[in-house]
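The values are calculated or read from the model by the stated rules, or taken from the named source; none is laboratory data. Computed from a prediction, not measured in an experiment: that's the story for all the values here. FYI the Cβ positions are ideal-geometry reconstructions off the backbone, even for glycines, and counts take in every protein chain you see. Accessible surface areas use protein heavy atoms only, side chains included; no ligands, DNA or RNA. Shrake-Rupley method; radii C 1.70, N 1.55, O 1.52, S 1.80 Å.
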Amino acid sequence: MTTTTLTPPSPRTAISIEQVRTQAKRSIGFGETVSQSFSLARRSIIKMLRNPEQFFDVVLQPIIFTLMFTYIFGGAISGDTKSYLPVIIPGILVQTVIVTSIVTGTQLREDMNKGVFDRFRSLPIARISPLAGALLADVVRYLIATVITFAVGIAMGWRPDALGVLGSTLLVLVCSFAVSWIFALMGCLVKKASAVQGVSMLIMFPLTFMSNAFVPVETMPGWLQGFVNVNPVSHLVTAVREMCNDGHVGSHVLWSLIGAAVITAVFAPLAVRAYIRNAR
């Protein structure tokens, strides 16, 4: 018969365990949240690079829409296609990038259905990091769509202000990132990816087409002009036109930035809350 002697844990081991528990309970700071968000954004970018078909819409849509709208409506609206380019290119840019942000919600819903975000939730990271990382990665897609739209317009004869192009690119990326929080919330609330896309299109198509993106506001009925003038998409399109065509930074830039800040402040917390509730 043998006797086994149990050795109690040393004080050093007990202290180490207590330290681990204390560290696990501490809140995550802003700097760590940003770092974690960019780490998860890098993961999403790698995922997109391994699936090149995710870039088809941001590559082909700007080319098709620019050529189609310019050659179909250019002569009827501005007399000739060259005169229509300063009007249509900013409109196509805003419409393409904002509609592209719908894919954010669709992909989030697909990842949630696969259980990917359940794994993120089990990690000791900030709650907003998985969502913010996915949205930051989609900024790359917005940048590709922006560059291609400007390139097609310049190839067709449009000559924008160089600094205006840079300023417009930054403004559109900021506003699109803010709008993507709306679709992130939809991705957390709606159970199917196809439903997310369907509902989002019903919202965004009226906003983009009932704006000054494609035709002058003066040609619309009076009751519609009131909505178009307060439409956030119209403010963003006008801001891009002023910067690209005139090199002018006006009040519409300020209104666009204020709108982006308000949308992010409202929808980012709602999206994170819906994500946490959905993942339980």
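The value of relative contact order for the chain, using C-alpha pairs under 8 Å at least six residues apart, is 25 percent. Farthest toward the positive end of the dipole of the chain, out of Thr169, Thr238, Ser35, is the Cα of Ser35, where the dipole comes from beta carbon charges about the Cα centre.
Accessible surface area normalised per residue over the chain is 54 Å², counting heavy atoms of protein chains with a 1.4 Å rolling probe.
Structural descriptor for the range 76-174: relative contact order 44 percent, calculated from alpha carbon pairs under 8 angstrom and at least 6 residues apart.
Residue by residue, the range 105-113 carries 3J(HN,Hα) couplings of x, 5, 5, 4, 5, 5, 5, 5, 5 Hz when phi is fed to the Karplus relation 6.51 cos²θ - 1.76 cosθ + 1.60 (θ = phi - 60°); x denotes Gly or Pro. Applying 1/(1 + (r/R0)^6) with R0 = 41 Å to the Cβ-Cβ distance of Glu218 and Ala151 gives a FRET efficiency near 0.85.
Once the Cα atoms are used to define both axes, helix 193-209 deviates from the longest principal axis of the chain by about 30 degrees. Inter-label distance, Phe205 to Leu143: 3.2 nm, where each label sits 7 Å from its Cα along the C-beta direction. Ordering of 91-98, 61-68, 207-214 by packing is 91-98, 207-214, 61-68, highest average first (other Cβ atoms within 10 Å, averaged per residue).
Shown is the FRET efficiency for Ala76 and Arg159, computed with R0 = 25 Å from the Cβ-Cβ distance and rounded to the nearest 0.05: 0.65. Segment His248..Ala261, full-extension length gain: 2.5 nm, with 0.36 nm per residue of separation and the alpha-carbon distance subtracted.
Quick check: residue separation of Leu270 and Ser194 times 0.36 nm, minus the Cα distance between them. What number comes out in nm?
25.2 nm
Relative contact order for the range 32-137: what percent, with Cα pairs under 8 Å and sequence separation of 6 or more? RCO, the range 32-137: 51 percent.
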